[in-house]
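Trainee: Below is the structure I would like to discuss, written out as structure tokens.
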Amino acid sequence: MSDSALKIGDTATVTLQFSEAVTGFSSDADVTVQNGSLATMTSSDNITWTGTFTPSSDVEDATNVMSLATSYTDTAGNAGPSATTDNYEVDTIRPTVAAFTMSDTALISGETSTVTLQFSEAVASFSSDDDITVQNGSLATMTSSDNITWTGTFTPTSDVEDATNVLTLATTYTDTAGNAPASTSVSDNYEIDTIAPTMTI
């Protein structure tokens with residue numbers, strides 16, 4: 001297979017080469033495929049056959065092979081042996097956000113809030129500095145020990161009173177296979193009141 005680690009949008013060219021010309025071979029009947037589909041394989045000499053493998057949607061499986069049955073023969077009628085491809089991995093599940101929370105959603109002067117972002121699986125190329133848009137405050141760089149659960153501290157902006165604010169996560173990160181999320185995600189709403197009261201006499 002031209003690609004043994006397949007993600008969303010990937011295909012792989014499958015090449016099957018026999019030792020000599022075969023007859024009665026049909027990839028549709030003679031090749032068993034796991035977690036995907038194999039287009040009918042073709043050949044110009046009945047020795048080397050090629051076809052395109054497309055992985056199934058919404059699958060994450062690190063252990064897959066294609067198996068060749070023994071129902072084909074050479075041109076003299078001798079049956080051939082069975083065979084399997086090398087292992088290939090399929091990951092066609094997009095990462096999602098399991099939780100996007102703040103420890104305090106009503107902030108006044110002097111307060112901060114711990115932001116927790118939990119993904120459905122480990123992510124790659126994620127940076128809170130680049131991937132999260134913050135309203136009326138600043139978010140310290142989020143860190144993680146497993147690339148799944150990330151935390152950081154939000155500090156509200158001074159002299160602001162706004163009851164409608166969210167943090168917005170972009171779609172620029174991927175899972176470790178390279179799959180991007182389907183859509184943006186937002187935190188729960190948080191309120192900010194960092195304007196001190198005044199009085200006149």
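The values are calculated or read from the model by the stated rules, or taken from the named source; none is laboratory data. These numbers were taken from a predicted model, which means no experiment stands behind them. Cβ placement follows ideal geometry from the backbone for every residue including glycine, while neighbour counts extend to all protein chains displayed. Just so you know, the surface numbers come from the protein's heavy atoms only, side chains and all, with ligands and any DNA or RNA stripped out. Shrake-Rupley method; radii C 1.70, N 1.55, O 1.52, S 1.80 Å.
Trainee: Could you list, in sequence order, all residues of the range 156-178 that are in contact (Cβ under 8 Å) with a residue 24 or more places away in the chain and touching a Ser or Thr at 6+ places or on another chain (Cβ under 7 Å)?
Mentor: First pass over the range 156-178, keeping only residues in contact (Cβ under 8 Å) with a residue 24 or more places away in the chain: 156-170, 172-178.
Those that are in contact (Cβ under 8 Å) with a residue 24 or more places away in the chain and touching a Ser or Thr at 6+ places or on another chain (Cβ under 7 Å): Pro156, Thr157, Ser158, Asp159, Val160, Val166, Leu167, Thr168, Leu169, Ala170, Tyr173, Thr174.
Trainee: When only residues in the range 60-113 that are among the hydrophobic types (A, V, I, L, M, F, W, C) and within 20 Å of Ser4 (Cα to Cα) count, which is surrounded by the most Cβ atoms within 10 Å (Cβ to Cβ)? Step through it out loud before you land on a result.
Mentor: Narrowing the range 60-113 to residues among the hydrophobic types (A, V, I, L, M, F, W, C): 62, 65-66, 68-69, 76, 79, 83, 90, 93, 97-100, 102, 106-108.
Still in the running and within 20 Å of Ser4 (Cα to Cα): 62, 65-66, 68, 83, 90, 93.
Working: Ala62: 10, Val65: 14, Met66: 20, Leu68: 19, Ala83: 14, Val90: 24, Ile93: 18.
The selected residue is Val90.
Trainee: Right, Ser120: over 20 Å from Ile192 (Cα atoms), surrounded by 13 or more Cβ atoms within 10 Å (Cβ to Cβ) and within 21 Å of the chain's Cα centre (by Cα) or not?
Mentor: On the way: over 20 Å from Ile192 (Cα atoms): yes; surrounded by 13 or more Cβ atoms within 10 Å (Cβ to Cβ): yes; within 21 Å of the chain's Cα centre (by Cα): yes.
Yes; evaluated as a whole, the condition is true for this residue.
Trainee: Return the pairs, sorted by first residue and then second, in which the second residue is open to solvent by 40 Å² or more (accessible area, probe 1.4 Å) and assigned to a strand (DSSP E or B), the first residue lies in the range 10-27 and is touching a residue at least 40 places away in the same chain (Cβ under 8 Å) and among the hydroxyl-bearing types (Ser, Thr, Tyr), the beta carbons are less than 7 Å apart, and the residues are 6+ apart or on different chains.
Mentor: Partner pairs satisfying both residue conditions: Thr11/Thr52; Thr11/Thr54; Thr13/Thr50; Thr13/Thr52.
Trainee: Please find, within the range 1-22, the residue that is farthest from the chain's Cα centre (by Cα) out of those that are within 16 Å of Gly80 (Cβ to Cβ) and open to solvent by 70 Å² or more (accessible area, probe 1.4 Å). First the steps, then the outcome.
Mentor: Restricting attention to the range 1-22, the residues satisfying the condition of being within 16 Å of Gly80 (Cβ to Cβ) are 16-22.
Still in the list and also open to solvent by 70 Å² or more (accessible area, probe 1.4 Å): 17, 19-20.
Working: Gln17: 33, Ser19: 39, Glu20: 41 Å.
Going through the qualifying residues, I end up with Glu20.
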